[in-house]
Structure formats: structure tokens, C-alpha cells
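Heads up: the structure comes next, in C-alpha cells.
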Amino acid sequence: MPKYRRNCDVCSRHYFGQGKKFCSWKCYKFGAFAWNKNIPCSNEHKEAISKANKGKHYSPKTELKKGHKLTPRGNKNPNWLGKNASYSTKHKWLVRQVGSASLHKCKYCIKQAKDWANISHKYKRDIKDYFPLCRKCHIAYDRL
């Protein structure tokens, strides 16, 4: 199919295309309107929409109303796995508790740490079982 030289409906720039009204995605987003824009809506329809949206909260300020409870955290949560949690879950837990390893110095060479190394290699959920190491020292430590 041949492409024709056209003018963009939004920015009036010349472009080559077929059947398109816009030169780019940016102009499309700016210039395209919803199919029902400026079509009047009856009061009955407005009431039906209002009824359907009752109880829905789209703002963080209104998300939790009086009487609503937050999801339980930690071992009170019904999805808590405890010792059976995955390797990555335990590392994420450690970062939440102590912070990123990059905020600490390597235990052996005093460079900036990159990883949390596990002392026992059993990956317990115990802060004392981890210490910060740089990548080089961590690889060397894991080979022992």
C-alpha cells in the first residue's frame, strides 16, 4: 500500500502514512478523545454510575475508614511462611530490618559492601546470622 504525505492533526507537522491522523504516539495521546466526550448523560444514568461506585475509594486519604483493619504484619499474617520462606524473601526481610548492605562497610576489606552474607549458610531469620561483604569477599567467603 502506498504511503501518502499527510499533516498531523495536532502539531501540523508533515509525515508519511496511510489512514493515520497523527505523526507520533505523543500527538495521538494529546489529540485523541474518548468516543463519548461531550455527549450528554441522563440523570438516571448518572445515578446508576454513582450507585455502582459506592464504597470504592480511589484516594489514599479515604482508603481506610473507621473500623477497617490493616492486614496483619509479620507472623500474624495468615500467609506467613516462617522458616519455609524463600531465599529472596529472607534477604528482603533483612533489608527491611537493617537496611541495604551498601550502607555498610565490608567486614574484611573495609570497602563499601554490596551483599549480605549468611554466616551459618542455613539462612535463618536472624539478623545476627548476616554480615555485610563486598562482592569479592562474598564470593571468597562462600567458597570456604
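Since every read-out is calculated from the coordinates, none of them should be taken as a lab result. All figures in this text were calculated on a predicted structure; none of them were measured in a lab. Cβ placement follows ideal geometry from the backbone for every residue including glycine, while neighbour counts extend to all protein chains displayed.
Observations on the structure shown:
- Protection-proxy order for peptides 40-46, 105-111, 80-86, each taking the mean of Cβ atoms within 10 Å per residue, highest first: 105-111, 80-86, 40-46
- In segment 1-51, chymotrypsin sites (Phe, Trp or Tyr not before Pro) in a DSSP loop with at most 14 other beta-carbon atoms within 10 Å: F33, W35
- Candidate lysines - alpha carbon under 25 Å from K51, same-chain residues fewer than 8 apart omitted: K37, K61, K65, K66, K69
- Counting only lysines at least 8 places from K122 when in the same chain, those with an alpha carbon closer than 18 Å to its own are K83, K90, K92.
- Relative intensity of the chain on a log10 scale, I(q)/I(0) at q = 0.10, 0.13, 0.18, 0.20 Å⁻¹, equals -0.76, -0.78, -1.08, -1.22, per a Debye sum over C-alpha point scatterers of equal strength in the absence of solvent.
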